[in-house]
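Take a look at the structure below.
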Ligand SMILES: *Cc1c(COP(=O)(O)O)cnc(C)c1O
């Protein structure tokens with residue numbers, strides 16, 4: 001329990017963000033007042049349906065899509081599962097051999113540093129008989145484009161590359177990959193091969209980057225609410241018109257038949273409002289966060305010996321972004337990240353080791369290992385992800401506390 005008097009600094013916005021009060025306010029009417037089922041045909045149902053469709057329209061406008069291309073889900077993991085399983089199974093069904101197309105089962109490509117919801121979906125499909133390839137990244141965390149190009153086979157049906165990484169903040173060249181896929185698809189179709197679908201997991205990107213699906217050239221895009229000051233267990237999958245996928249949740253035909261179940265009206269309204277708010281302010285906020293992250297690193301380097309940033313360099317303001325503005329992932333040789341995290345918590349500072357999703361197991365992060373860190377080095381890291389409430393004073397306090405703890409912990413080990 002954090003005492004009210006104690007300083008409390010939350011630096012784990014890549015794991016969860018507080019719900020924006022304006023989001024909460026927008027959702028409020030849909031709990032006890034406008035509670036109708038959007039499928040009901042009387043007034044209360046129609047009201048709910050109207051709110052749901054208005055949320056869909058707002059999201060579509062922000063990402064330059066059409067409302068019917070937005071499928072509401074219960075979060076990022078579900079969107080990703082729907083994209084990957086949905087596309088793969090539809091392709092298998094449509095193949096000339098009915099599930100086993102003439103080139104064998106479908107082949108799927110992703111990067112080695114994806115979120116577990118992508119990696120484990122791939123592993124599950126592999127067990128079902130589909131072929132998978134995991135593309136390596138360079139020492140900064142950027143997908144190796146040459147390896148990606150080489151991995152494509154005649155039977156490839158899906159490429160899934162995350163927009164921005166949750167652990168090291170590396171932003172992948174999604175638009176460039178999208179353009180290349182479009183080009184090879186033209187040739188493939190002429191040669192009677194399946195069109196490759198392109199999915200991007202944009203859960204970490206949605207708060208900071210351009211989500212225009214046309215310029216990104218994606219067929220499928222996953223976004224969630226909990227990383228953008230919206231409610232947890234809300235999200236959507238963008239499914240480009242003409243792209244056929246199968247549902248993973250069967251039910252009453254909601255969401256264009258792609259997601260059965262009574263819609264989370266309040267959640268959809270909240271998600272739309274959250275996306276609108278983060279996207280409207282993102283350029284200004286990005287600049288503020290980059291300055292803070294840069295300030296953190298400069299100050300930390302002056303006060304802590306051996307500190308090293310993992311992933312791409314902190315972005316320069318006027319240039320294109322290569323790293324999420326709020327992400328700092330640092331190695332502190334001789335200091336266990338797990339121990340540091342616990343001591344920082346006692347000092348009222350929340351950070352994470354590697355990623356929240358894999359930290360309970362205390363396995364070294366697969367992302368850091370892929371970057372070339374040894375298991376020992378990968379355990380000597382912490383991730384700080386700044387947010388809307390983070391101030392310069394928070395950074396000063398964090399660096400001071402961190403410097404003291406690192407000194408103590410290094411002494412204990414000697
Ligand atoms: C958080 C996250 C997810 C999963 O989203 P949930 O809403 O927790 O299911 C997927 N991908 C990335 C990159 C994430 O950061």
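The values are calculated or read from the model by the stated rules, or taken from the named source; none is laboratory data. From a predicted model like this one, the values you see are computed outputs, not experimental measurements. Reconstructed Cβ throughout: ideal geometry from the backbone, glycine too, with neighbour counts over all protein chains shown.
In table form, for the structure just shown:
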{"quantity": "Subset of the stretch 376-391 [more than 29 Å from residue 274 (Cβ to Cβ) and either in contact with a strand residue (DSSP E or B) (Cβ under 9 Å, 6 or more places away or on another chain) or part of a strand (DSSP E or B) (or both)]", "calculated": "377, 378, 380, 381"}
{"quantity": "Close pairs from the stretch 57-86: first on the phi > 0 side of the Ramachandran plot, partner within 12 Å of the ligand (Cβ to nearest atom), Cβ under 6 Å, at least 6 apart", "calculated": "75/224; 75/233; 75/235"}
{"quantity": "Matching entry among 183, 195 (being more than 9 Å from the ligand (Cβ to nearest atom) and more than 20 Å from residue 83 (Cβ to Cβ))", "calculated": "183"}
{"quantity": "Qualifying residue in the stretch 185-197 (condition: farther than 22 Å from residue 245 by Cα and touching a helix residue (DSSP H, G or I) at 6+ places or on another chain (Cβ under 9 Å))", "calculated": "no"}
{"quantity": "Qualifying residue in the stretch 110-125 (condition: part of a strand (DSSP E or B) and more than 14 Å from the ligand (Cβ to nearest atom))", "calculated": "no"}
{"quantity": "Condition broken by residue 333, with the remaining ones in (1) within 23 Å of the chain's Cα centre (by Cα); (2) outside any helix (DSSP H, G or I); (3) surrounded by fewer than 22 Cβ atoms within 10 Å (Cβ to Cβ) satisfied", "calculated": "(1)"}
{"quantity": "Listing of helices (runs of 4 or more DSSP H) fully contained in the stretch 11-94 that carry 3 or more residues being within 16 Å of the ligand (Cβ to nearest atom)", "calculated": "76-94"}
{"quantity": "Lone qualifier among 172, 190 - being modelled with pLDDT under 95 and within 30 Å of residue 94 (Cβ to Cβ)", "calculated": "190"}
